[in-house]
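Peer 1: A single structure is presented below for examination.
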Amino acid sequence: MEIFALHVDCHPSGPDDLYFERNNRPYPSLPHRYCPSCHPPQPLLPPFAEAGVITSNSRVPEAESLKLSHPVIRRLRKIEEEIGEACASLLDEYEQRRAAGDPDVEDSNGQFWQHFIRTRAVTPELCDELITALRQALGLPDDRKIDPLSALGHLHITCNRLPVPDLVRVFYGDGEPLLAGRRTIQALQEAALSRYLVFPVRITMCRKLRGQPPPEVQELLVTGHGGIPRGYVAGKDYTECPTCREITYLTPYAGVALDERQWDGADLFRFTDIPIVFATARAREAMERAGLTGITFRPPSQIHKHEGEITLGE
Ligand SMILES: [Zn+2]
């Protein structure tokens, strides 16, 4: 079965020319999951950039329906605060020890940073418990994957330029949120494509565009599953952690193919733990027929793994 990788840009001409930037959200994020079985100490680059909780590209916009006083949200907020405080005091300790010439703190693989990484995360058990509590509070089905570090609630963004394409990514990175304009949503609906959701987005216009109407876009969340790419062998091409079940791809490879036995039949989908969105020929045809801007379809042979990240080659 033929599939295509969806390439969506976030700027018209260069890195300083982003259509959007993200604003702070009133909702906390899910915490990071530290797994003693599969997360070896790793250097944090740069280690001080984020003293608090980091977020991933994954999102749970449905959480916007929960009041900020909901027990799950309050619990997550409390964990976020505790992690932020613990990290801030660790960074103070780092500065003091570095000023005193302590050689251990300069070793990014050393004990100090292991401790730092653990402090920024919760155990796999607690992380699973929080995800389950959130799933129950929102009534989300089991096949709706929720990742650690997911941002909760609707996207809050600032628009820096107009007009925006029919499909646009909020920031760099293949897993970044996608924003779909009216024409895109209409094309997906008319073709009755499966496994995507749309959510409202709160947009502030940047100073130079103030007074202009915000672009009519919604967050497009692709929920289809492609499973593990066809022909991938556990232990050779990827590992699955027995504790936290995270998939780590081992081989630097070119290309992915669909294993139809694992695929849920979705027209738009992702492979397990690969952030790139894929489209079936039917989905591609529907989007091309509508003449949507901002999208190119690439052969899956252009997928490659670079420095641990799986990306869509230029
Ligand atoms: Zn693990």
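Read-outs: derived from the displayed coordinates by stated rules, not from any lab. Everything quoted here is computed from the prediction, not taken from an experiment. Virtual Cβ from ideal backbone geometry, glycine too; neighbours counted across all protein chains shown.
Peer 1: Restricted to Cα positions, what overall size does the stretch 99-241 have along the principal axes? Three whole-Å values, descending.
Peer 2: That gives 56, 45, 34 Å along the principal axes, largest extent first.
Peer 1: Next up: When only Cα pairs under 8 Å and 6 or more residues apart are kept, what is the percent relative contact order across the stretch 57-137?
Peer 2: About 34 percent, as a whole number.
Peer 1: While we're on this one: I want the local charge near ARG182. Using Cβ-Cβ distances under 15 Å, sum +1 for each Lys or Arg and -1 for each Asp or Glu among the other residues.
Peer 2: Net local charge, ARG182 excluded: -3.
Peer 1: Among LYS145, LYS78, what is the fewest-to-most ranking by other Cβ atoms within 10 Å?
Peer 2: Ranking LYS145, LYS78 by Cβ neighbours within 10 Å, fewest first, gives LYS78, LYS145.
Peer 1: If you average the sequence gap of Cα pairs under 8 Å that are 6 or more apart and divide by the length of the chain, what percent do you get for the contact order?
Peer 2: 26 percent
Peer 1: Scan the chain and report its longest stretch carrying no chymotrypsin sites (Phe, Trp or Tyr not before Pro) that are both in a DSSP loop and have at most 12 other Cβ atoms within 10 Å.
Peer 2: That would be 173-314.
Peer 1: Per residue of the stretch 222-230, what does 6.51 cos²θ - 1.76 cosθ + 1.60 with θ = phi - 60° give for ³J(HN,Hα)? Whole Hz please, x for Gly and Pro, Karplus curve as stated.
Peer 2: Once rounded to whole Hz, the list reads 8, 10, x, 10, x, x, 7, x, 4.
Peer 1: Order of VAL198, VAL170 from fewest to most other C-beta atoms within 10 Å?
Peer 2: Fewest to most other Cβ atoms nearby, the residues stand as VAL198, VAL170.
Peer 1: Taking the alpha-carbon set of the stretch 117-162, what are its Rg and Dmax in Å?
Peer 2: Looking at the stretch 117-162, its Cα Rg and Dmax stand at 14.5, 45 Å.
Peer 1: Then there is this: So for SER89, SER69, fewest C-beta neighbours within 10 Å to most, what's the order?
Peer 2: SER69, SER89
Peer 1: Compute the whole-percent fraction of alpha carbon pairs in the chain spaced more than 28 Å apart.
Peer 2: Summing the P(r) tail past 28 Å for the chain gives 46 percent.
Peer 1: Across the stretch 116-123, in residue order, what do the Karplus-derived ³J(HN,Hα) couplings come to in whole Hz, using 6.51 cos²θ - 1.76 cosθ + 1.60 with θ = phi - 60° and x for Gly and Pro?
Peer 2: Ordered by residue, 3J(HN,Hα) equals 4, 4, 5, 5, 7, 9, 10, 5 Hz.
Peer 1: Give the distance, in whole Å, between the Cα centre of the stretch 163-232 and the Cα centre of the stretch 68-93.
Peer 2: First find each Cα centre; the distance between them is then 30 Å.
Peer 1: Exactly which trypsin sites (Lys or Arg not before Pro) in the stretch 192-282 are in a DSSP loop and have at most 14 other Cβ atoms within 10 Å?
Peer 2: Passing sites in the stretch 192-282 are ARG210, LYS236, ARG245, ARG261.
Peer 1: Okay, next question. Using the Karplus curve 6.51 cos²θ - 1.76 cosθ + 1.60 with θ = phi - 60°, what ³J(HN,Hα) values do you get for each residue of the stretch 168-180, in whole Hz, with x for Gly and Pro?
Peer 2: 8, 9, 6, 8, 5, x, 5, x, 5, x, 9, 10, 10
Peer 1: Taking H as built 1.01 Å from N, whose amide H comes closer than 5 Å to the amide H of TYR196, not counting residues under 5 places away?
Peer 2: Here the answer is THR223, since their amide H atoms fall under 5 Å of that of TYR196.
Peer 1: Under 5 Å between amide hydrogens, which residues at least 5 positions from PHE20 or on another chain qualify, with H placed 1.01 Å from N in the peptide plane?
Peer 2: ASN160
Peer 1: Right, something else. What is the set of long-range amide H partners of THR204 at a cut-off below 5 Å, with H atoms built 1.01 Å from backbone N?
Peer 2: ILE157, THR158, CYS159
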